[in-house]
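Taking it in order: structure first as structure tokens, then the write-up.
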Amino acid sequence: MNLNELREKVAYACRILAREGHQDNILGHVSARVENQEKILIKPSGFGLEEIEARDLIVCDFEGRKLEGEAGVHLEIFIHTEIYKVRPDVNCVIHTHPPFATAFGSLGQTFRPISYEGAIFSSRLPLFESTTALIRTPELGAELAKTLQDGRAVLMRNHGVTVVGSSVEEATLFGVFLEKAVRAQLLASASGEPSWCSDDEAEAKFHLSYTGERLRPMWDYFVRRVKRDARI
Ligand SMILES: [Zn+2]
């Protein structure tokens, strides 16, 4: 994939996440690994996720230094760079402050697959507790990457979430579905004693619905939703 195609994809990821519950002022960021290079394409600081166009994205190196682009670098760029360094399977990193996942992370409850999407995270959804402040240093970024381990997402106590994927499409959809899955648990546990599916069933649901080519029509659907909004 060339850099322009990647730019388009990351811009859609920003706008999809904004539309699906991850918008928070000018905070939150999405990045993608530039193929075969120690570089990332990342949303710049100073703009809301929903405002991002392909041309706005900046290019940074793995030390967090800007190489290309006009706008500023998010202070928390080390969330991205440190994860890419230790997770060669990860090609997209998302960090946002979605309200339900942030509230859920403050409770320290074990995550349960209450809704269908819960199957994506039921095997592992760690909680990062080293700090509730911004991840402003490579050391804190590395600490977060260590908590994430080989997971698909990590909750950050009193702060937000970080979600990863092998592609921009995968990470974005997992971000959307994480917020929906924890919302279901919050709703259910606020109303009574929820039940949830078994580990085996969750594993089967994950493979049936949320892997590889199965994600493509879902991505296309969310892209159509943001395109429709832009026309109104
Ligand atoms: Zn943050």
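The values are calculated or read from the model by the stated rules, or taken from the named source; none is laboratory data. Bear in mind that the values here come from a model prediction, so they are computed numbers and not experimental data. Here the Cβ is made from the backbone with ideal geometry for all residues, glycine too, and neighbour counts use every protein chain on show.
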Keeping to segment 37-55, report how many residues are in a helix (DSSP H, G or I) and more than 23 Å from VAL161 (Cβ to Cβ).
2
Please tell me if ALA171 is surrounded by 15 or more Cβ atoms within 10 Å (Cβ to Cβ), at pLDDT 95 or above and in contact with a strand residue (DSSP E or B) (Cβ under 6 Å, 6 or more places away or on another chain).
yes
Unmet criterion (only one of (1) crowded, with 19+ Cβ neighbours inside 10 Å; (2) among the hydrophobic types (A, V, I, L, M, F, W, C); (3) over 21 Å from LEU173 (Cα atoms)) for VAL86:
(1)
Just wondering, is there one or more residues in segment 128-135 that are touching a residue at least 12 places away in the same chain (Cβ under 8 Å) and part of a helix (DSSP H, G or I)?
no
Across segment 136-183, which residue is nearest to ASP199 (Cα to Cα) among those that are assigned to a loop (DSSP other than H, G, I, E, B) and small (Gly, Ala, Ser)?
GLY151
Sole miss for PRO217 among (1) at pLDDT 95 or above; (2) more than 25 Å from PHE78 (Cβ to Cβ); (3) touching a Lys or Arg at 6+ places or on another chain (Cβ under 9 Å); (4) not hydroxyl-bearing (Ser, Thr, Tyr) is condition (3)
Return yes or no: is ILE83 of a type outside the set (S, T, N, Q), under 30 Å from GLU203 (Cα atoms) and not in a strand (DSSP E or B)?
yes
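Among what's in segment 20-36 and is surrounded by 16 or more Cβ atoms within 10 Å (Cβ to Cβ) and in a loop (DSSP other than H, G, I, E, B), pick the residue that is farthest from the ligand (Cβ to nearest atom).
VAL34
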Output the number of residues of segment 131-162 satisfying the condition of being of a type in the set (Asp, Glu) and buried (at least 16 other Cβ atoms within 10 Å of the Cβ).
1
How many residues does segment 131-164 contain that are away from the ligand (no atom under 11 Å from the Cβ), more than 17 Å from LYS85 (Cβ to Cβ) and among the small types (Gly, Ala, Ser)?
1
Quick check on my filter: what residues within segment 42-67 are crowded, with 18+ Cβ neighbours inside 10 Å and within 16 Å of the ligand (Cβ to nearest atom)?
ILE42, LYS43, PRO44, LEU49, GLY64
Could you check ALA142 against (1) touching a helix residue (DSSP H, G or I) at 6+ places or on another chain (Cβ under 9 Å); (2) among the small types (Gly, Ala, Ser); (3) free of Cβ contacts under 8 Å to residues at least 60 places away in the same chain and say which number it fails?
(3)
Where residues in segment 105-130 are within 16 Å of the ligand (Cβ to nearest atom) and crowded, with 22+ Cβ neighbours inside 10 Å, which of them is farthest from LEU178 (Cα to Cα)?
PHE128
With (1) in contact with a helix residue (DSSP H, G or I) (Cβ under 9 Å, 6 or more places away or on another chain); (2) over 26 Å from CYS197 (Cβ atoms); (3) more than 12 Å from the ligand (Cβ to nearest atom) as the list, and PRO88 as the residue in question, which single condition is left unmet?
(1)
So in segment 68-80, with the set limited to residues that are outside any loop (DSSP other than H, G, I, E, B) and within 14 Å of the ligand (Cβ to nearest atom), which one is surrounded by the fewest Cβ atoms within 10 Å (Cβ to Cβ)?
PHE78
Looking at ALA13 and the list (1) assigned to a loop (DSSP other than H, G, I, E, B); (2) more than 16 Å from the ligand (Cβ to nearest atom); (3) of a type in the set (Gly, Ala, Ser), which single condition is not satisfied?
(1)
